[in-house]
Amino acid sequence: MKNKESWGKDLLTLQSVIDVERGDLYIGESNKHIPFDIKRFYVISGVPKKKSLRGMHAHKEIHQAIFSLKGTFTLHIDNGHKKWEVILDKPSHGILIKNKIWHYMTNFSKDCVILVVASDYYREDDYVRNYEDFLRMI
Ligand code: T46
């Protein structure tokens, strides 16, 4: 992960139970490790190209937390005033993507598996997919 000064406040740390004999266990509980009630999760995998682009939107209300379960990708974050990026490369640490944050993902490794947990069910009307609309919203 890079640019710690920018993303430090949004860093989420799961509980880790490291076991050399049996493998590692990572635990996230609502309102403890993840600062909202989790209503949905989704997984992104099989991204075919390093240069593939996902995201490119903000949410009006929904908060999310994003983790790399395997492999690496770069998360680009923009609050309308400042832009920064984080390389996610381990299951134990994720990033909180609050509402009203423009974000996209690039630079996927071939084996990358991403977990996202969200504060609400899928609602297309929660998405702001146009950058000018995002700037107007904030
Ligand atoms: C986000 C980033 C990190 C659903 O029907 N239900 C869902 O829960 C989701 C996440 C998506 N969809 C549908 C909506 C689209 O027709 O699946 C299709 C692909 O979704 P999208 O192009 O938004 O995927 P990404 O990877 O660009 O964005 C996703 C999330 O949608 C978004 O909330 O923050 O991952």
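The values are calculated or read from the model by the stated rules, or taken from the named source; none is laboratory data. The structure presented is a predicted model; accordingly, all values stated were derived computationally and were not measured. Cβ sites come from the backbone with ideal geometry, for glycine too, and all protein chains shown count toward neighbours.
Values for this structure:
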item	result
Residue within region 90-106 that is touching a residue at least 40 places away in the same chain (Cβ under 8 Å), of a type in the set (S, T, N, Q) and out of contact with any Phe, Trp or Tyr (no Cβ under 6 Å at 6 or more places or on another chain) present	yes
Test: residue in region 57-66 that is more than 16 Å from the ligand (Cβ to nearest atom) and modelled with pLDDT of 95 or more	no
Residue check, PHE41 closer than 13 Å to VAL117 by Cβ, within 11 Å of the ligand (Cβ to nearest atom) and in contact with a strand residue (DSSP E or B) (Cβ under 7 Å, 6 or more places away or on another chain)	yes
Residue match in region 84-96 (condition: within 11 Å of the ligand (Cβ to nearest atom) and over 24 Å from ASP37 (Cα atoms))	no
Conditions (1) out of contact with any Ser or Thr (no Cβ under 7 Å at 6 or more places or on another chain); (2) more than 19 Å from LYS9 (Cα to Cα); (3) within 12 Å of the ligand (Cβ to nearest atom); (4) not polar (S, T, N, Q); number of the one not met by LYS50	(3)
Subset of region 87-126 (residues that are out of contact with any strand residue (DSSP E or B) (no Cβ under 9 Å at 6 or more places or on another chain) and under 17 Å from THR74 (Cα atoms))	LYS110
Output for region 9-34, where each listed residue is modelled with pLDDT of 95 or more and within 16 Å of the ligand (Cβ to nearest atom)	LEU12, ILE34
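Per-residue answers, yes or no, for (1) buried (at least 17 other Cβ atoms within 10 Å of the Cβ); (2) within 12 Å of the chain's Cα centre (by Cα); (3) under 22 Å from VAL113 (Cβ atoms):
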residue	(1), (2), (3)
GLY46	no, no, yes
GLU61	no, no, no
GLN64	yes, yes, yes
PHE67	yes, yes, yes
PHE73	yes, yes, yes
TRP84	no, no, no
